[in-house]
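The values are calculated or read from the model by the stated rules, or taken from the named source; none is laboratory data. Here the structure is a predicted model, which means the values were calculated and not measured. Quick reminder, even Gly has a Cβ in these numbers, built from the backbone with ideal geometry, and neighbours come from all protein chains shown.
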Amino acid sequence: MSFHMHLRAAPPEEIHPDSAWVESFMLAAWADHQEEYTAGIADSIEKDFAGVNHLYTGTPDGPTDPGIPSGLPIFGGELVPREDGPSFLILRPQHVGETAAFLDAASFFTLWEASGAAISASWGNPTLAREICLSHHEGLVRFYRAAAGAGQAVIKAFWY
């Protein structure tokens, strides 16, 4: 089974926070994911997003409160409920900026020192876990920095 966290930057005025619109938009974005990834307006994490959230928050199910920037990159955002799947999330431009600032200031190595052992324990291979988390961190830094610089919102979908 495959599961992904899919992030897509978009102008805030184009976003309609209802599940039918978000699902249609995100399915179309997923179909064009490679192009959008190359353009810097999309990112995704296959199956490892809970570990990356743990890296940022210090716990597997860390905070999603917008007042706590460490919880914004993965599970933070305004909920858009779905009937037949996980809720979508929308981060408005202000929170995208806060997320980018948090990620720019975060030292991967300090975060890894604090949470790496716990993350690695569930993955089995500490070296591989560290490399995977570092790669995801670098991708998220680039993605959120670009989205914040463009004044965009970010929509998140969790595909299972």
Here are the criteria: (1) crowded, with 21+ Cβ neighbours inside 10 Å; (2) over 30 Å from residue 123 (Cα atoms). Tell me which single one residue 16 does not satisfy. (1)
Failed condition for residue 34, given (1) modelled with pLDDT of 95 or more; (2) not in a strand (DSSP E or B): (1)
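Among the residues in segment 62-83, are any at positive phi, outside any strand (DSSP E or B) and surrounded by fewer than 17 Cβ atoms within 10 Å (Cβ to Cβ)? Write out each step before concluding.
As a first pass, look at segment 62-83 and keep what is at positive phi: 77.
Right, trim to outside any strand (DSSP E or B) and you get 77.
Subset that is surrounded by fewer than 17 Cβ atoms within 10 Å (Cβ to Cβ): none.
Scanning segment 62-83, I find no residue that is at positive phi, outside any strand (DSSP E or B) and surrounded by fewer than 17 Cβ atoms within 10 Å (Cβ to Cβ), so the answer is no.
Sort through 120, 115 and tell me the only one that's without any contact (Cβ under 8 Å) to a residue 40 or more places away in the chain, over 21 Å from residue 44 (Cβ atoms) and surrounded by 17 or more Cβ atoms within 10 Å (Cβ to Cβ).
Working: 115 fails: without any contact (Cβ under 8 Å) to a residue 40 or more places away in the chain.
When all the criteria are applied, what remains is 120.
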In this structure, does residue 86 turn out to be touching a helix residue (DSSP H, G or I) at 6+ places or on another chain (Cβ under 6 Å) and in a loop (DSSP other than H, G, I, E, B)? no
